[in-house]
Amino acid sequence: MFEDRIRERLLKTAGLGDEQIRDALKIERETGQTLDQVLVSKNLLSEERCLNFFGDFLGLETRNSLEGVAVPGDFVQNVPVQFARTHGLIAIGSDGRTAKVATSRPLDVQPMDDLATMMGLEVEAVLVPRSEIANLINRAYRHKASGVDEALTDLEDQDIVGLASSIEESEDLLDVANKAPIIKLVNMLLFQALKLRASDIHLQPYADRLQVRMRIDGVLYDTESIPKKAQEAIVSRVKVMGKMDIAERRLPQDGRASIRIGDGDVDVRISTVPVQNGERIVFRILDKTTKVYELDQIGLTEDNYKIIRRYLSYSHGIIFVTGPTGSGKTTTLYAGLSEINSPQLNILTIEDPVEYALDGISQVGVNAKKGLTFAAGLRSFLRQDPDVMMVGEVRDAETADIAIRAALTGHLVFSTVHTNDSASTVTRMLDIGIEPYLVSSSLLLVIAQRLIRTICPHCREYAAPGELGEKLLFQIEELRLQPEQFPNGVAMGKGCDECFHSGFSGRTAIYEVLPIDPTIQAQIVDKATASDIKRGALERGLRTLRMDGLEKLLAGQTTPEEVLRVTQLDVM
């Protein structure tokens, strides 16, 4: 029997025991889930191992990445985005007779049959991780009608009545068929933001309209304009989603919602503030289907990568990542944790909120209302026999003191702070009241970072500095470069549909990595200023944020204007 053959192969190739296999097959029969879904959801196999196993077993191609893949146009035209997202299917190639289709569910054949009918082609499955498929679907459908315009035309006055009804615990954005237009409109705004890779949605009230703005790659863009008459209904709907008080309009409120797109979860943090023309709303979007990056995928130079890898192998001490809000600090910390994650280590994190789930790592979310602060959680962690701890942010002296003492007592601690550069982090610890000898003996490494927009690959072009006018020449001069350093010309994005005519697509990070060497330890004890610490580090080879940005500029990844924008506070 097919079931028995799978059992044998699983036992031989995946190392699962008889009891685990019996349990998995029992859950499959009782829940109707396919066996591959059961194995991944019950953590019996990682998604990568599961896909490789079924690829080998069924003779299917497997891929780990869909970077740079172009989706055939007839797929986007013929297949609704709801179908693609719900079933996690996307075409990655077609020869006119057969379409290669990426899927993360090797045993779910019914949607593949439906897809073959829609496209009028035979389909051939290629096994790919779910997060890669979700990202490619977002890219493929970003220019197709979003549904926002349709929802706007459906708005009627009576939709406002009875709006504040209860909602599901985790609402599916794609389930809009029987929704009231106001609900449909809010759902489609969230869905559009996910397609555009937006990190935030702003609903800003004006005297005559409600303006929707989305932050894409760190920059705000105006998108939709909603009639003023719908403003109160939308605000009420958002408050229902975030479980806030609908009647309270004079005080700021915070809420949180969990929404679904097919089978992917997205967390949304919601903030409302009363302003002159109503209430201003900001959504912060945390897409849990986004992949966790590895340390070699986040933009580190080879030298910086080697330095960080060396300090990650230490058994105790504290490593700080610093930068403003939205500069990718959590991504860097997660990449570091993924690098050292192993069954031999007990790794605990306390975050506000937990942004992405990491296999094998115990993650705790801050709950200030119930007394679970960073300091309280960190204190509890010390009784959990930890090897490595991550604290989402050091905001006060109490948290800093516990983190540093934990580092001194044999634990490796990761955390973030908000300072302008690496040297300022050292003096910040002293400013909030930590004794210099504690900072000196516990601090291992400080990583300062910023996110810098990268040029859109679809409209990249090179031009000699002189051809692009005085402004560009001035920017190059401001960066202390010479036009001769650009033998092929300066890379610029012309602007196209793929990048909303901005010339940029995606971001990478620039870093300033400061190891705490004996010289800096002595300076800390002597309470040296941040300028003195940085000046000495530069003489010993420190590469600043601007230097790292210039390296990416000369490599054609970004523009002079972008380096100046992001590193304006950097001291050379």
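The values are calculated or read from the model by the stated rules, or taken from the named source; none is laboratory data. Quick caveat, the model's predicted, so the values are computed rather than measured. Note that each Cβ is placed from the backbone with ideal geometry, even for glycine, and that neighbours are counted across all protein chains shown. Ligands, DNA and RNA are stripped out before the accessible areas are found, and what is left, the full protein with its side chains, is counted by its heavy atoms. Shrake-Rupley method; radii C 1.70, N 1.55, O 1.52, S 1.80 Å.
Using a simple spin-label model with pseudo-atoms 7 Å out from Cα toward Cβ, Ser441 and Gln77 lie 7.2 nm apart.
Placing a pseudo-label 7 Å from each Cα along the Cα-to-Cβ vector at Tyr305 and Ala247 gives an inter-label distance of 5.9 nm.
So how do Lys552, Lys306 rank on accessible area, 1.4 Å probe, biggest first, that is with the largest at the start?
On the way: Lys552 15, Lys306 115 Å².
I get Lys306, Lys552, largest accessible area first.
Working from the Cα coordinates of region 269-424, the gyration tensor eigenvalues give, after taking √(5λ), semi-axes of 27, 20, 16 Å in decreasing order.
When Val273, Val366 are compared by accessible area of protein heavy atoms, the largest-first order is Val273, Val366, using a 1.4 Å probe. Once the C-beta distance of Glu484 and Glu539 is scaled by a Förster radius of 25 Å, the resulting FRET efficiency is 0.35 to the nearest 0.05.
Within the full protein context, the accessible area of Ser313 is estimated at about 90 Å² for a probe radius of 1.4 Å.
Taking every full run of DSSP H in the chain, the ones that stretch at least 18 Å from end to end by Cα along their long axis and average -1.0 or higher on the Kyte-Doolittle scale are 181-195. Extension gain for Gln344-Ala207 works out to 43.3 nm (0.36 nm per residue, less the C-alpha to C-alpha distance). When the inverse distances between all different Cα atoms of region 404-459 are averaged and flipped, the Kirkwood radius reads 13.4 angstrom. Only protein heavy atoms count here; on that basis, with a 1.4 Å probe, Met112 has an accessible area of about 20 Å². Within the assembled protein chains, the solvent-accessible surface assigned to Glu232 is about 80 Å², based on a 1.4 Å probe.
Counting only DSSP H runs of at least 4 residues, each contributing -39500 (n - 2.57), and dividing by the residue count of the chain, the helix-based mean residue ellipticity at 222 nm comes to -11000 deg cm²/dmol. With the charge dipole of the chain set up from +1 on Lys and Arg Cβ and -1 on Asp and Glu Cβ about the Cα centre, the Cα lying farthest toward the positive end among the listed residues Ala537, Thr508, Val266 is that of Ala537. Length gained on full extension, Lys527 to Ser362: 55.7 nm, using 0.36 nm per residue less the C-alpha separation.
Rolling a 1.4 Å probe over the protein heavy atoms gives region 208-287 an accessible area of 43 Å² per residue. Taking only the C-alpha atoms of the chain, Rg followed by Dmax gives 25.9, 75 Å.
Tell me, what % of the accessible area of region 438-572 is carbon and sulfur with a 1.4 angstrom probe? Carbon and sulfur: 49 percent of the exposed surface of region 438-572.
Split the accessible area of region 253-403 by element, probe 1.4 Å, and carbon with sulfur accounts for 45%.
Do any trypsin sites (Lys or Arg not before Pro) in region 416-496 lie in a DSSP loop with no more than 11 other beta carbon atoms within 10 Å, and if so, which?
Of the trypsin sites (Lys or Arg not before Pro), the ones in loops of region 416-496 whose Cβ has at most 11 other Cβ atoms within 10 Å are Arg480.
The Cys residues in the chain with no partner Cys Cβ within less than 4.7 Å of their Cβ are Cys50. Think of a 1.4 Å ball rolled over the protein heavy atoms: region 338-482 then has 46 Å² of accessible area per residue.
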